[in-house]
Amino acid sequence: MVEITEIPVEGYQCVKRAIDPVSGLHAYISVHSTVLGPALGGMRLWPYASEDEALTDVLRLSRGMTYKAACAGLDLGGGKSVIIGKPSMKSDAFFEAMGDFVESFGGSYITAEDVNTKVEDMGVVARRTSHVVGLAGKSGNPSPKTAWGTFLGLQATLEDVYGSDSLEGKTVAIEGAGSVGSIYADYIAKAGGKIIVADIFAESAERVAKATGGMVVSPDAIRSVECDVYAPCALGGSLNDQTIPLLKCKAVVGAANNQLLEGRHGEVLRDRGIRYAPDYVVNAAGLINVFDEMRPGGYNEARALKAMEQIRTNMHQIFAIANEEGICTATAADRFAERRIQSAVRANA
Ligand code: NAD
C-alpha cells in the first residue's frame, strides 16, 4: 500500500509525497497550477542526496512547466514528478506504485517520460492510471520535434537581429551534439548555415560536423568562437558570469533547459547586446507534440507541426515586450506567460 502525504507549499496547488515500503518507491509529485488545464510534466528518476533536494527540484520543475505550457499557448498547467533513486531500482512494482500515486491526483496531473525513465516504464505506470502521455505508438520521440521548434525560434531571432530569417552566411556554434543538437544542426545546414560543434564525446561532434560540412572545436572553445548564434544544446547553466563575457555572437538560441545560471544573467546578456531566445519558449515543441495526443481524435502529426509554428509568433511577441518595457527577453517571456495565466484566472472568476 502506497503511503501518500500532502505537503502544503505556498503558491502551489498540490504537492504530495509517496512512500511504498514494498517496491522501495520514494517520490514527490508537484502540481504548480491547473489554471490553464491539467498539469503535464515528466517523471524524473534521480539519485537526489536528500528529501529537501528532491522537493526543491520538483517545485522548480513544476513551476517551469506552467510557464512553458502558458507561453506555448497550450491548455495545460504545470506539474512534475521526481523519484529518489537510481535506474537499478526499477521494477514493475515500483512503477505500478508510481501509477497509483499519479492516479491519486484524479487527472489534475498527467505524467510522461523524463530523465532516467523510458517509454516502457510509462507502459507499466499506465496499468494503474490513464493519466500518462507519450506511450509507445503515440507521439513518439520528442527530440526531432524539439529540434524543429528550436529552429523556428532561431528563424524568429534572426529576423529580429538581422531583419531576415536567412541562414545563408550565418554561423551557429552548437554546444552538445546529442539527440536535439544533431538534428538542429541538420536543419541549420540544410537552410544554408555553417555549423561549429562541440561535444564532450568527440566522436558525436565529429559525426555532426561530417553530416553538415561543419567544424569541430573543443567543449572549452565553443563559447568563445566567432559566430552569429551560440546554441546551448547540452546541460543547463551554460550562461553565467564566466561564460557570457567570452561570447562572440549576436544571439543565443538553443534547446537546453535552464540555460541561465541565475535569472539576472538575462540582463547580463542584454547589457552585452546579445539577443537571448528564452529556453523554455524555443524548446517547447516536444511538449506541443505530446499534448496533441490529448486533442480530439488523438495524435495527428500534421496538426502538431502546425501548432509548433506558434513558437515563431511567440518569439516576436516576447521581443516586442522586451523592447516596449525595457526588460530582458527572459523577463519578457515570464511576463508573457503570466499575462496568459492571469487572463484565464479573470475569465474563470
Ligand atoms: P542528449 O543527452 O541526447 O544530448 C546532450 C549532449 O550534450 C550529449 O551528446 C553530451 O555528450 C553533450 N554534452 C554534455 N555536456 C557537454 C559540455 N559541457 N559540452 C559539450 N557537450 C556536452 O540530450 P538531448 O535530448 O539532446 O537534450 C539536450 C538539452 O535539451 C537538454 O538540456 C534537455 O534537457 C533539453 N531538452 C530536450 C528536449 C528533448 O525533446 N530531447 C526537450 C526540451 C529540452
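The values are calculated or read from the model by the stated rules, or taken from the named source; none is laboratory data. Predicted model only: the values in this text are computed from it and were never measured. Glycine gets a Cβ as well: all are built from the backbone with ideal geometry, and neighbour counts include every protein chain shown. The accessibility values were calculated without ligands, DNA or RNA, using every heavy atom of the protein model including side chains. Shrake-Rupley method; radii C 1.70, N 1.55, O 1.52, S 1.80 Å.
Numbers at a glance
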{"quantity": "At R0 = 56 Å, FRET efficiency that the Cβ-Cβ distance of Val22 and Arg339 yields, to 0.05", "calculated": "0.75"}
{"quantity": "Extension gain (nm, one decimal) between Arg295 and Ala93, 0.36 nm per residue minus Cα-Cα", "calculated": "69.7 nm"}
{"quantity": "Theoretical ellipticity at 222 nm over the chain - DSSP helices of four or more residues, -39500 (n - 2.57) apiece, nearest 500", "calculated": "-13000 deg cm²/dmol"}
{"quantity": "Extension gain, Glu267 back to Asn348 (0.36 nm per residue minus Cα-Cα distance, nm)", "calculated": "25.7 nm"}
{"quantity": "The chain - share of DSSP beta bridges that are antiparallel (%, nearest 5)", "calculated": "40 percent"}
{"quantity": "Volume of the Cα convex hull of segment 103-187, divided per residue and given in Å³", "calculated": "132 Å³"}
{"quantity": "Ellipsoid equivalent to segment 250-349 - semi-axes via the Cα gyration tensor, in Å", "calculated": "27, 18, 11"}
{"quantity": "Of every Cα-Cα pair in segment 186-302, the percent that sits beyond 24 Å", "calculated": "35 percent"}
{"quantity": "Check: the chain dipole with +1 on Lys, Arg Cβ and -1 on Asp, Glu Cβ, in debye", "calculated": "620 debye"}
{"quantity": "Degrees separating the helix 310-325 axis from the principal Cα axis of the chain, which is the longest one", "calculated": "70 degrees"}
{"quantity": "Folded to 0 to 90 degrees: helix 202-212 orientation relative to the chain principal axis, Cα", "calculated": "60 degrees"}
{"quantity": "Heavy atoms of Ser224 accessible to a 1.4 Å probe, total area in Å² rounded to 10", "calculated": "40 Å²"}
{"quantity": "Extreme residue, positive dipole direction of segment 84-165, given options Ala97, Leu152, Ser139 (C-beta unit charges)", "calculated": "Ala97"}
{"quantity": "Charge dipole of the chain about the Cα centre (unit charges at C-beta), most positive-ward option of Thr313, Leu287, Val125", "calculated": "Thr313"}
{"quantity": "Segment Met215-Asn257, length gained on full extension (0.36 nm per residue, minus Cα span)", "calculated": "12.7 nm"}
{"quantity": "Exposure of Leu55 as accessible area (Å², to 10), given a probe of 1.4 Å and all protein chains", "calculated": "40 Å²"}
{"quantity": "Integer Hz, Karplus 6.51/-1.76/1.60 couplings in order for segment 239-251, x for Gly and Pro", "calculated": "9, 8, 4, 7, 8, 4, x, 7, 4, 10, 9, 9, 8"}
{"quantity": "Translational diffusion coefficient (Stokes-Einstein; Kirkwood radius from C-alpha pairs) of the chain at 4 °C, 1.567 mPa s, in µm²/s", "calculated": "63 µm²/s"}
{"quantity": "Estimated Rh, segment 54-163: Kirkwood, alpha-carbon pairs, angstrom", "calculated": "15.8 Å"}
{"quantity": "Label-point separation in nm, Lys306 to Val115, each point 7 Å along Cα→Cβ", "calculated": "3.6 nm"}
{"quantity": "With Cα atoms, 0 to 90° folded angle of helix 92-103 axis to the chain main axis", "calculated": "90 degrees"}
{"quantity": "Calculated FRET efficiency for the pair Glu168/Thr56, C-beta based, R₀ 51 Å, to 0.05", "calculated": "0.65"}
{"quantity": "For segment 176-188, 3J(HN,Hα) per residue [Karplus equation, 6.51 cos²θ - 1.76 cosθ + 1.60, θ = phi - 60°, Hz, x = Gly/Pro]", "calculated": "x, 9, x, 4, 7, x, 5, 6, 4, 4, 4, 4, 5"}
{"quantity": "Segment 282-341 - Kirkwood radius from inverse mean 1/r over Cα pairs (Å)", "calculated": "12.6 Å"}
{"quantity": "Within straight-line cross-link reach of Lys190, lysines at Cα separation under 19 Å, skipping those fewer than 8 residues along the same chain", "calculated": "Lys145, Lys170, Lys210"}
